[in-house]
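Just below is one structure, and these are the notes that go with it.
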Amino acid sequence: MRSRLANCDERKEQHQPHCGPDYTKGFLPHRLIDIQSSTLEVVCRADILESLPTGDSVPYYAALSYCWGSLLDAANQLTLLTSCLKRERFIFSSHDVPAVVRDAVAVAQSLSLRYLWVDALCIVQDDLSDWETESSQMNQIYGCAYITICSLTASCNLSFLDPEILTTSIDFRSTINHEVRGQYAITYSYCVSLRSGAGILVDRLMENRWSRRGWTFQEALLSERFLCFEQYDVSFSCSDRVAYLSGHVGERPIETLRMMQVDIREPQESIWAVWYQLVLARYCDRIFTNCEDVLPAISGVARVFHKTFGANYVAGLWDTDLAVGLMWEVEANRHRGDLSGLLRSQQPTTLTDLLKALGSPPYVAPSWSWAGRQVWIDSPIVSYSQVWRDVHDECHMSASVTVAGYNPFGRLKDAWIDFSGTVVHIGPYTTIRPSGEFPGHYGMDLDKGGSVICRFDWYANTTVLRGRFKMALLGSFIEHPEADNDPDARVSDPRDQTRTAELDARERTAFGIILHKHPRSNDFLRVGVFFSMISRGGGVRYFSCYEAERLRII
C-alpha cells in the first residue's frame, strides 16, 4: 500500500493530476496528535508552526474516520475535555486510547506521518463553542489530510489491524472407524468475487455500521484519499482508482466532491440535482446519536457548495432553487434508525401525530426542511433535471434562518419562509382517494373543477381530509420525457419554438406544498406536496382564478 500511495504522490501509473489533496491551501487543523514517539500528545497548530524550520511547508497529517460504537463505548473512550486543556501538556500512551485509535496511530507511523487527527481527541467534547468551530471545518480537515484512515469496525474498541476472525466448527465421524470422531475448525479467509473491484468495495462499504453513521458521509465525500480497513481486506482509493491488498483494481466507487467536477457554468438545475442526489439518496437515512447533528454533519459539504456556487444555504436547501427544493416527500413505511439499530421513529400515522412531532423539542429544522424529519425522505427532484423542463417560479419566497452557534451551516435556532403567491383553501372535509398511477399518493378534487395529486407527510389512511389546509403554488414546468430518449425530439425549428412557447403557457404542470395552520399561531406548517396536471383538469392555468396571499411557513 505504501508503494501505491507513493505512485499517487508522484502521479505515476496513470494517476491523474487531481489525485491527492491540494497542499497549496496550507491548511492545518487547530489540534493534532503528535505520534512521533510512544508517548502521544495533543498539540496546537500554533505550536506546530512555530517549531517548523524557516521555509518549511505545513506538515502532512492523517485523519481517522470510524464509528464510536454504543453509548457505553463512546462514554468510556479517552476524549479531550476542558479539564485536559488546563494541564500544561495533554500526554497519554497508546494503551489509554481505544483499539481503533491505537491501530490508526500504528498505520500513520508506518506511513512516516508525525500527526494524526481524531475527532474525539482534537475537538473539546464538553465545549459547545469549540465543537461548533471545529465541526464547521470538516471540509478542510478531511479535504486537506494526506490520507484518511477508515475503519469499518462497529466500535472504537474493535481492532481493525487484528480483527476477530469468524470461525465455525463441523463435527465429523469416520465412516471406517466409528470410534474416530472430532471437529473441523473452518476459518473464513477470503472470497473472490466475479464483480469488479469498485463493485466489491461498494458492497462492503454499504453493508456495515460505518456506512450508516451520519458523520461518516461527509468524511468519505471530502477525503481525497482513503485507506479502508475491512475485516478481510485492505483497500486504497484515490480520485483515480481503488486497489486492494488482495489484488483487485478498479475505479473509485465513492466520488469526492472534486471528482464530481460540478461546473459553475452548468445550468443551475444540474448543479442542485447533484445536491439532491447526495442528500436525499445517500444521506437522509443515516443514523445519529443526536438528531441535532443532522445539519452539522453535512455542513462541510454545504460549505463547499456555497463557496463554489454562491447560493445561500437555508436549512438544507438553497435559496436560488427553493421552489423545487421544497418538493421532497416522506416515503411511507421507512424510517431512520437509532444508534442501536432499533426503530427511533417512523412516518406519523395521523395528522395529529405529525403536528405534535413538528412542535416537539429539540428543534432541528423547520417543517419545510427534510432535515427535521426522522423518517426516510424520497423525492422526484432527484431526477427532475432529466424530466422537468423550463421550471418557473410561480411565487415569491424569502427564507430566513437563525443559526444556534458559530457554524453558519450547522445547527439552527429558528427558520421561516415568507411566502407571497397563489393559495388555494382546502375545505375541512375534502374527499381524497388513493392514486393507482402514483403509489403512496392521493387524488383530490378541488372546487371549480380542478384536481391534484398529493403526497402527505403522514400516513393518510383515510378517505376524508380533516383540518385547516391550504395549497401554496410554488412553480410550474413542462414535462418532456421524449426529449431524454430522443435528442432529435428537441425543438430546433424557430417556428416550432414559437408554437412550443405558446403551448407552454397553457399546458404547464403546477406544483407546490400543502400547508396546515400552526395550532398555536397564525403561521403555517408544511405537511405535504402536490402536483396539478392539465390532463386531470389542473395545470398552472387552474390557479389563475385564485388570489395571492402572504403567509409565513415555519
Find the centroid of the Cα atoms in the range 46-103 and in the range 398-470, then give the distance between the two in whole Å. 47
Which pairs break 28 Å Cα to Cα here: Lys307/Lys413; Lys307/Lys470; Lys307/Lys356; Lys86/Lys307; Lys86/Lys413; Lys448/Lys517? Lys307/Lys470; Lys307/Lys356; Lys86/Lys307; Lys86/Lys413
Taking the Cβ of each residue in Leu322, Leu473, Leu551 as the centre, tally the other Cβ atoms inside 10 Å and list the residues starting with the fewest. Leu551, Leu322, Leu473
The answer for Phe524, listing residues at least 5 apart or on another chain whose modeled amide H is closer than 5 Å to its amide H, is His518, Arg552, Ile553, Ile554
Ranking of His441, His518, His396 by count of other Cβ atoms within 10 Å, fewest first: His396, His518, His441
Theoretical gain in end-to-end length, Leu161 to Thr350 [0.36 nm per residue, Cα-Cα removed]: 63.1 nm
Check Val118: other-chain or 5+ apart residues with amide H under 5 Å from its amide H, H built from backbone geometry? Ile33
In what sequence do Ile377, Ile149 fall when counting other Cβ within 10 Å, fewest first? Ile377, Ile149
Once the Cβ-Cβ distance between Asp390 and Ser360 is put in as r, and R0 is 45 Å, what FRET efficiency do you end up with, to the nearest 0.05? 0.65
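Rule-based calculations on the coordinates, nothing more; no lab input. Being a predicted model, the structure only gives us computed values, none of them experimental. Here the Cβ is made from the backbone with ideal geometry for all residues, glycine too, and neighbour counts use every protein chain on show.
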